[in-house]
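The values are calculated or read from the model by the stated rules, or taken from the named source; none is laboratory data. Values in this document were obtained by computation on a predicted structure and should not be read as measured data. Cβ placement follows ideal geometry from the backbone for every residue including glycine, while neighbour counts extend to all protein chains displayed.
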Amino acid sequence: MDVTKGARLATIIECMPEKSAEPSITDEDAVLVARTRGGEAAAFEDLVVKYSPRLYGMIYHMTSNKEDTHDLLQEVFSKAYRSLPKFKGRSSFYTWIYAIATNMTFNFLKKRKRRATWSLDHLDSGIQNDEAMIDLTHASNPRRQSDVNELQKKLNEAMQALSEDHRVVVTMYDIQGIPHAEISRILKVSEGTIRSRLFYAHKQLQGHLAEFIGE
């Protein structure tokens, strides 16, 4: 990919709204897990509060539908709670529950594909109308301020046009800032595969957004 075009594409992708901060992964999680196993429901609630923002962000960028995201997030934490006895602690709780969330989201998207009536019209408009994204896009591309709404719409459509495997790595790496190694552990594929998927995803996004990043 051309370096200049790649930089412009990265700037556009970074404009996708991501409100949550990176959680602090500490031994506190292991303590909360142990307390939950001991019957303290409040301990699991602390884990829910801690990791909901990041998981919500990933699921929403994959589905672009708030109702589906809320439903999936509840199902993710419900499954995690039921599966805690199987959690061996070989990975961090964050990696473990993120893997649950991505697998459940992939399964949901496969089912949604089978619905003949589904189309981009069902996507939420929140991404296009997010004030933070509008401000960032104006700053990164002032000559196209009048076309910001179109850019945001195209970006969302371009993301949805990616395969689930490619969209999730763009969401995790470019939008949420998760390192390659952590994504590799979450998705259970090699770092080389992660880098390859990012490369091809960026090429596809570059094609969809060519008019905004220059020919």
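Here's the yes/no breakdown for (1) crowded, with 18+ Cβ neighbours inside 10 Å; (2) touching a helix residue (DSSP H, G or I) at 6+ places or on another chain (Cβ under 8 Å); (3) closer than 29 Å to S91 by Cα:
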{"position": "A158", "(1), (2), (3)": "yes, yes, no"}
{"position": "A161", "(1), (2), (3)": "no, yes, no"}
{"position": "I175", "(1), (2), (3)": "yes, yes, yes"}
{"position": "H180", "(1), (2), (3)": "no, yes, yes"}
{"position": "S196", "(1), (2), (3)": "no, no, yes"}
{"position": "F199", "(1), (2), (3)": "no, no, yes"}
{"position": "K203", "(1), (2), (3)": "no, no, no"}
{"position": "A210", "(1), (2), (3)": "no, no, no"}
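Regarding region 61-76, can at least one residue be identified that is of a type outside the set (F, W, Y), over 30 Å from A158 (Cβ atoms) and modelled with pLDDT of 90 or more? So far as region 61-76 goes, no, none of its residues is of a type outside the set (F, W, Y), over 30 Å from A158 (Cβ atoms) and modelled with pLDDT of 90 or more. Counting only helices (runs of 4 or more DSSP H) that fall entirely inside region 102-202 and contain at least 2 residues that are more than 17 Å from L72 (Cβ to Cβ) and modelled with pLDDT of 90 or more, the qualifying elements are 164-169, 180-187. For region 69-109, the set of residues classified as touching a helix residue (DSSP H, G or I) at 6+ places or on another chain (Cβ under 7 Å) and among the charged types (D, E, K, R) consists of E75, K79, listed by residue number.
Screening the candidates T95, T69 for the property of being of a type in the set (S, T, N, Q), in a helix (DSSP H, G or I) and in contact (Cβ under 8 Å) with a residue 24 or more places away in the chain yields one hit, T95.
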